[in-house]
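This report refers to the structure that appears directly beneath it.
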């Protein structure tokens, strides 16, 4: 488990937990934050990157895991997730990317 912190819509720091299920393309993880659980996959395709949150019927283009602003805006505009949940998922993906980069060299993004 990897703890992480993110800012909610009121700029209040919140915390969550990441469980990495697969650290190679696609990166697969479970994110717990804001009282919710999200099964998240982030991977690459021929023309770019994607994020899927299957249990919420969400799929979208995704920038680099480091580009949190773009990823938050994209998900806020393309899903019905609460903005705080979007912020939590995007931050969790960035933290997972950092962790994978630190411990593995073949990570997506």
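Computed from the coordinates by the stated procedures, all read-outs in this text should not be read as laboratory data. Just so it is clear, the structure is predicted and the values come from calculations on it, not from any experiment. We place every Cβ from the backbone using ideal geometry, glycine too, and count neighbours over all the protein chains shown.
Which of the peptides 70-76, 10-16 is most tightly packed, and how do the rest follow, judged by the mean count of other Cβ atoms within 10 Å per residue?
Order by mean packing, descending: 70-76, 10-16.
What nm value, rounded to one decimal, do you get for the distance between residue 44 and residue 67 when each label is placed 7 Å out toward the C-beta?
Rounded to a tenth, the inter-label distance reads 1.5 nm.
Match the structure shown to one of the listed values (1) 2, 13, 26, 28, 20, 8, 2, 0; (2) 2, 11, 21, 21, 18, 12, 9, 4, 2, 0; (3) 2, 11, 13, 17, 15, 13, 12, 10, 5, 1 of P(r) over Cα pairs in 5 Å bins from 0, in percent, computed from it, and give that label.
The listed entry that was calculated here is (1).
In nm, what is the difference between 0.36 nm times the number of residues separating residue 17 and residue 98 and their Cα-Cα distance?
Taking 0.36 nm per residue and subtracting the Cα distance, the gain is 27.7 nm.
Testing the spin-label approximation: label points 7 Å from Cα along Cα→Cβ at residue 1 and residue 32. State their distance in nm.
A separation of 0.5 nm, rounded to one decimal place.
Would you kindly state how much longer the chain becomes between residue 57 and residue 24 on full extension, computed as 0.36 nm times their sequence separation minus their alpha carbon distance, in nm to one decimal?
9.7 nm
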